[in-house]
Amino acid sequence: MSMIPWLLALFVIVGAVAYLVTIYNGLIGVKNNMDKAWANIDVLLKQRHDELPNLLEVCKGYMKYEGETLQRVTEARSRYSQAATVDQKAQAGAEMTSALGRLLATAENYPDLKANNDFMHLQSRITELESEIADRREFYNDSVNTFNIRIQQMPDTFVASFMSLTPRPMFKVEETDRADVPMTFGAAN
């Protein structure tokens, strides 16, 4: 009869440990999914970064009077190259998106440029990458939301604090990216 309380206590302890291990593993899985989601964005940002010199070269010959627009894209590309953290890369990516929007809107003023096959191909590729980046950002935000909820809910919050997990910021669009891109349909200089 004295064995039953010990077995019951052992069962409770093993059950509690198994439950904590399950929570721990779940948090690790959510954290890794969030990191993977960011890595997928980073891959697309790198592809866009690598495609931009080609687009800029095609545009330079046509857009002689649009130095500021081309400079913005070049500077945004440079900031992405120098970014080290997720937040810095997200900021640089947002700046790049804004600069590319201005570049592609400005290209509307150059009919010869719009007819150039290289430009059309690169514009299509950049537009495709932008769409994929937007999709991945949405998935990243879903992953961050799931992670943030898990580390703040009971009893996961105790395991999360033991693991030193803190809420992560979601990707947010900058206010400048919400503004309309000015488009003029006058003749090019």
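Structure notes:
- Criterion (aliphatic (A, V, I, L, M), open to solvent by less than 50 Å² (accessible area, probe 1.4 Å) and within 15 Å of the chain's Cα centre (by Cα)) met by exactly one of A99, A94: A94
- L104 meets the stated requirement of being aliphatic (A, V, I, L, M), at pLDDT below 90 and either open to solvent by 70 Å² or more (accessible area, probe 1.4 Å) or farther than 26 Å from A37 by Cβ (or both).
- Residue ranges of helices (runs of 4 or more DSSP H) in the stretch 61-148 with at least 3 members on the phi > 0 side of the Ramachandran plot and touching a residue at least 12 places away in the same chain (Cβ under 8 Å): none
- Qualifying residue in the stretch 89-99 (condition: at pLDDT 85 or above and among the hydroxyl-bearing types (S, T, Y)): no
- If you check Y80, Y110 for being buried (at least 18 other Cβ atoms within 10 Å of the Cβ), more than 30 Å from P169 (Cβ to Cβ) and either of a type in the set (S, T, Y) or modelled with pLDDT of 80 or more (or both), only one passes: Y110.
- Residues being loosely packed, with under 14 Cβ neighbours inside 10 Å, modelled with pLDDT of 75 or more and closer than 16 Å to L122 by Cα - total across the stretch 57-73: 1
- Any chance I4 is more than 30 Å from L100 (Cα to Cα) and in contact with a Pro (Cβ under 8 Å, 6 or more places away or on another chain): no
The values are calculated or read from the model by the stated rules, or taken from the named source; none is laboratory data. Since the structure is predicted, the reported quantities are computational estimates derived from the model, not experimental observations. Counting neighbours? That spans all protein chains shown, and the Cβs are built from the backbone with ideal geometry, glycine included. Heads up: the accessible areas ignore ligands, DNA and RNA and are worked out on the full protein's heavy atoms, side chains in. Shrake-Rupley method; radii C 1.70, N 1.55, O 1.52, S 1.80 Å.
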